[in-house]
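The values are calculated or read from the model by the stated rules, or taken from the named source; none is laboratory data. The model shown is predicted, which means the values in this text are computed figures rather than measured ones. Glycine also receives a Cβ, built like all others from the backbone with ideal geometry; neighbour counts cover every protein chain displayed. With ligands, DNA and RNA removed, areas are computed over all heavy atoms of the protein, side chains included. Shrake-Rupley method; radii C 1.70, N 1.55, O 1.52, S 1.80 Å.
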Amino acid sequence: MAASWLVLLALCLLLPLLLLGGWKRWRRRRAARHVVAVVLGDVGRSPRMQYHALSLAMHGFSVTLLGFCNSKPHDELLQNNRIQIVGLTELQSLAVGPRVFQYGVKVVFQAVYLLWKLMWREPGDYIFLQNPPGLPSIAVCWFVGCLCGSKLVIDWHNYGYSIMGLVHGPNHPLVLLAKWYERFFGRLSHLNLCVTNAMREDLAENWRIRAVTVYDKPASFFKEAPLDLQHRLFMKLGGTHSQFRARLEPEDPATERSAFTERYAGSGLVTRLRERPALLVSSTSWTEDEDFSILLAALEKFEQLILDGHNLPSVVCVITGKGPLREYYSRLIQQKCFQHVQVCTPWLEAEDYPLLLGSADLGVCLHTSSSGLDLPMKVVDMFGCCLPVCAVNFKCLHELVKHEENGLVFEDSEELAAQLQMLFSNFPDPAGKLNQFRKNLRESEQLRWDESWVQTVLPLVMDT
């Protein structure tokens, strides 16, 4: 306990020194058309902030992007000479004192550390901040903006207090404090962006915050994958995951075969296997707002249908992502005794994830939203790859998933199992519902991220 108090005391003593040390830098004239982007999370798992940075750079801004560097961002970001990524250090949980005290120490550390990092960077015309997580970053970014004349732009992905409420309950004192904090400091921003019209209306009615809806849109690299790239991906993943390996070796040793495709040695031609399994894909942060027991129960029902003699394919189910509940669900998966269903949980490189979506037959989304006001970006990416989706229903899902048009909406495992049966009946069926959904997505002419960004965000940052 004494050590923790010493940490707090040291941070408090360092704060005036940090302010004095950064004053000269703040006094300097801001670089023209420069933006500081902040995400108090993993940059590699924050695609929307990566897209903001790329769009700003594409339209003449230089960008400093601060965040944790736990996973690799997209190559486009790393190779852009207008974007500088500044890594933040994540404080691991303390093992001293009650949990509330540990949380308080972490927040104080993050506040002082982020303040120091921002002070020693070139000031920007704007500070773009992802929320959540907004504690303590909203207050720190607002304070730095006041000192150096930067305008604070908050991009509301969700409400941070609602995510805390999943763990502690909606009436826990910490959750109520976080809600007050988010509302109070959120009103001090210069501009506000949000991900749905439902959130825009809620911000206006309950928080008195005016926001502009900027829907998540797929980046240009989310698209249907050519067959040769699919084969290359399957062979690569087969090196570490048996689910992608061929069930039977080809007669010609020179022919290269995966579980789904094969490449002929002479011509190099890639074809799909006639009896290939269906490839089902889901992605997740493995958090409390996604209940993967629904998918596992539906797969058990699907397997029983196969055992009962229905004309259905075997299934390879790939669930990609990192998060706190990954180990819990991995244990549940290992306990299943599937015969016709295989499940794997890889973490993919940034460049491989779009290829996987562009190679899959069906996507599944179990995101329910802690606030009921945000939309799952994974579905946006799937639609960019013309991949039909089955998604669990919640309040504003209709803004993205159109039932019986680009996918299906379900309420529970029974309904999801019935949808899997219907979509995979006589698989692969060129005249089936699955192909009709894919055709609808191809014909929808969806806006890509930068096209949408130019229409919604660029005028805001140019006008102000």
The extension gain from ARG208 to PHE338, computed as 0.36 nm times the residue separation minus the Cα-Cα distance, is 41.6 nm
So the angle from the long Cα axis of helix 433-443 to the longest Cα principal axis of the chain, reported in degrees to the nearest 10, equals 50
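So which GluC sites (Glu not before Pro) in segment 385-417 pass both tests, a DSSP loop state and at most 16 other Cβ atoms within 10 Å of the Cβ?
Listed in order of number, the matching sites are GLU404, GLU405, GLU411.
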If one compares the long axis through the Cα atoms of helix 137-148 with the longest principal axis of the Cα atoms of the chain, the angle in degrees, nearest 10, works out at 50
Under the 7 Å Cα-to-Cβ spin-label approximation, GLN84 and GLN304 lie apart by a distance in nanometres of 6.0
Given backbone amide H placed at 1.01 Å from N, residues whose amide H is under 5 Å from that of GLY41, ignoring those fewer than 5 places away on the same chain, are PHE68
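May I ask you to compute the full-extension gain from MET422 to ASP75, defined as 0.36 nm times their residue separation minus their alpha-carbon distance, rounded to one decimal in nm?
Extending this stretch completely gives an extra 121.1 nm.
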For LEU447 and PHE184, extending 7 Å from Cα along the Cα-Cβ vector and measuring point to point gives, in nm, a value of 3.6
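Work out, step by step, the length gained on full extension between LYS439 and ARG99: first 0.36 nm times the residue separation, then minus their alpha carbon distance; give nm to one decimal. Walk me through the numbers on the way to the answer.
Values: separation 340, 0.36 × 340 = 122.40 nm, distance 5.17 nm.
Using 0.36 nm per residue and subtracting the Cα-Cα distance, I get 117.2 nm.
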Loop-resident trypsin sites (Lys or Arg not before Pro) in segment 211-258 with no more than 14 other Cβ atoms inside 10 Å, DSSP not H/G/I/E/B, are ARG247
Shape call for segment 252-310, from the Cα gyration tensor axes a ≥ b ≥ c (a/c under 1.5 means rounded, otherwise prolate when a/b beats b/c, else oblate), comes out oblate
Probe 1.4 Å, heavy atoms of protein chains only: per residue, the accessible area of the chain in Å² is 46
With the charge dipole of segment 405-464 built from beta-carbon charges (+1 for Lys and Arg, -1 for Asp and Glu) about the Cα centre, the Cα from LEU460, PRO428, ASN440 projecting farthest to the positive end belongs to PRO428
Tilt, helix 47-58 to longest principal axis of the chain (alpha-carbon atoms), in degrees rounded to tens, equals 70
CD proxy, 222 nm, the chain: helix-only mean residue ellipticity via -39,500 (n - 2.57) per DSSP H run with n ≥ 4, per residue, nearest 500, stands at -13000 deg cm²/dmol
Heads up, segment 332-395 by the C-alpha gyration tensor (a ≥ b ≥ c square roots of eigenvalues; a/c under 1.5 rounded, else a/b over b/c prolate, else oblate) looks oblate
If unit charges are put on Cβ atoms (+1 for Lys and Arg, -1 for Asp and Glu) and the dipole of the chain is taken about its Cα centre, the option from THR345, TYR51, LEU114 lying farthest towards the positive end turns out to be LEU114
Magnitude of the Cβ-charge dipole (Lys and Arg +1, Asp and Glu -1) of the chain about the Cα centre, nearest 20 debye, reported as 2120
For segment 66-161, the percent of accessible surface on carbon and sulfur atoms (probe 1.4 angstrom, ligands and nucleic acids excluded) is 55
Everything considered on the Cα gyration tensor (a ≥ b ≥ c; rounded for a/c under 1.5, else prolate if a/b is larger than b/c, else oblate), the chain must be described as prolate
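Between ALA297 and HIS403, how high is the FRET efficiency from 1/(1 + (r/R0)^6) when r is the Cβ-Cβ distance and R₀ = 25 Å? Nearest 0.05.
0.75
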